[in-house]
């Protein structure tokens, strides 16, 4: 049965910023649940709101202006409920929407997944040799390249779109010969762009990709480090909350999550289990109309 829609209010700014509020996370769909999974491990006492804009996915095929508008609309839902920090768990939205979100909500701490991932890649690349796989839209937007080069202007970067990884992840095909063959088809040419042993690290530049990490690691040259932007984002959020003294004061390791979707809670729950790594029921997913 479809859950009752959650009302959306029109308050343009959050009324208060307090450590007892949840952390808001949004994505175009279910892939961002890998970020939520990492956040829950890093911050088990925190409460979370997660919104998947499933009615309008994928964001990667939309214009930057459209994605920025969608990001503002989804953020409004979370802010109206009340959040102390916003995590943009979508590479496409992270690449185009951050300036607009900062302008709309200047008092709200906010991070995407690209900057933490780029920072971790730079730290793990002694020779400055960094490979990136992502969706076609993220690769074309060159957001990771820009974030890396701001930190390491001398870096050598090679990128490759790996769109089939998204489909494999959503089907739950995370191992086996088919997955290995596809991984080699994507990664062997990418590794060949770095002579003498390949790159220092490979950035998983899509939130779907961490569920395929074992298969991906298995076809990489020895010594190539995987950078999981979900894990790096979770570490950044934990550090930022600590610096800002926004850690939940009464947290005892029993934080909660409220899930929202803009379409088809049943599919959100069914596919979302793969990325969240734990059971998820459609009855746990609130339908929201933007």
Q) Using the 10 angstrom Cβ neighbour count as an exposure proxy, how do 225, 201 rank, fewest first? A) 225, 201
Q) Taking the alpha-carbon centroid of each part, what is the distance from segment 111-143 to segment 251-276 in angstrom? A) 27 Å
**Q.** Cα gyration tensor shape of segment 110-168, rounded if a/c is under 1.5, else prolate or oblate by comparing a/b with b/c
**A.** prolate
(Q) Please give the Cα centre distance for segment 220-245 versus segment 52-89, rounded to the nearest Å. (A) 22 Å
Q: Could you rank the peptides 72-78, 238-244, 62-68 by their average count of other C-beta atoms within 10 Å per residue, with the highest value first?
A: 72-78, 62-68, 238-244
Q | Folded to 0 to 90 degrees: helix 229-243 orientation relative to the chain principal axis, Cα | A | 50 degrees
Q. Once fully extended, how much extra length lies between residue 240 and residue 175, figured as 0.36 nm per residue of separation less the alpha-carbon to alpha-carbon distance?
A. 19.9 nm
Q) To one decimal place, what orientation-averaged projected area in nm² is obtained for the convex hull of the Cα set of segment 107-207? A) 7.7 nm²
Q: Please find the FRET efficiency linking residue 45 to residue 196, where r is the Cβ-Cβ separation and R0 is fixed at 35 Å, and quote it to the nearest 0.05.
A: 0.15
Q | MRE, 222 nm, helices only [DSSP H, n ≥ 4, -39500 (n - 2.57), over the chain, to nearest 500] | A | -12500 deg cm²/dmol
Q) Only one of the listed values, [x] 18.4, 58; [y] 19.5, 62; [z] 20.7, 68, was derived from the coordinates as Rg and Dmax of the Cα atoms in Å; which label is it? A) [x]
Q: Once you have the Cα-Cα distance between residue 140 and residue 278, take 0.36 nm times their residue separation minus that, and quote the gain in nm to one decimal.
A: 46.4 nm
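Computed from the coordinates by the stated procedures, all read-outs in this text should not be read as laboratory data. Computed from a predicted model, the values in this text were never measured in an experiment. Cβ: placed from backbone, ideal geometry, glycine included. Neighbour counts: every protein chain shown.
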